[in-house]
């Protein structure tokens with residue numbers, strides 16, 4: 001599927017990026033970051049307009065965030081069905097929920113680009129936990145702007161080394177998300193141990 005989507009980028013750049021970033025913000029397994037890097041590389045080669053490439057990716061990401069937020073707000077049961085019998089998904093949703101409640105708007109901002117594997121779940125859970133819509137939208141749009149500028153910009157700047165850049169960014173984002181999850185788990189366990197000691 002990745003090869004098929006990559007082949008469509010030179011001809012349908014902004015539209016493909018809009019669809020893929022939209023789907024990625026709903027937790028569907030599509031290579032949004034890789035396609036944004038490719039879009040930047042094609043823009044550097046003159047095959048795509050840089051502004052249209054960035055606008056398409058940004059519009060899709062913000063639309064996906066808003067859809068995820070709305071689904072969370074009006075479909076708490078859908079989240080439960082989505083995670084039922086899937087302990088890894090449930091654990092990720094629980095961590096994203098804790099992240100959303102603890103950090104609010106700044107958490108939404110950082111989950112767009114710094115710990116992007118948590119982003120879609122933060123969308124759903126921000127809606128479900130009734131985070132203020134204006135704050136969600138403001139911080140989400142700012143975070144998506146960073147995500148799009150970072151990936152399309154790196155693709156544009158390093159068009160000859162896309163695979164190496166994708167590997168580095170993927171490893172970094174995954175490591176940060178894993179570190180954040182470990183930190184929250186450690187804090188949770190520390191709190192539970194202290195509660196037991198105080199009884």
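Quick notes on this one:
- The fewest-to-most ranking of 101, 114, 48 by surrounding Cβ atoms within 10 Å reads 101, 114, 48.
- Surface/4 of the Cα convex hull for the stretch 25-91, nm²: 5.2 nm²
- Among 112, 102, the order by Cβ neighbours within 10 angstrom, fewest to most, reads 102, 112.
- Cα gyration tensor shape of the stretch 1-125, rounded if a/c is under 1.5, else prolate or oblate by comparing a/b with b/c: prolate
Throughout, read-outs are computed from the coordinates displayed, never taken from laboratory work. The shown structure was predicted, so the numbers you read here are calculated from the model rather than taken from an experiment. Methodologically, a virtual Cβ is constructed for each residue, glycine included, from the backbone with ideal geometry; neighbour enumeration extends over all protein chains shown.
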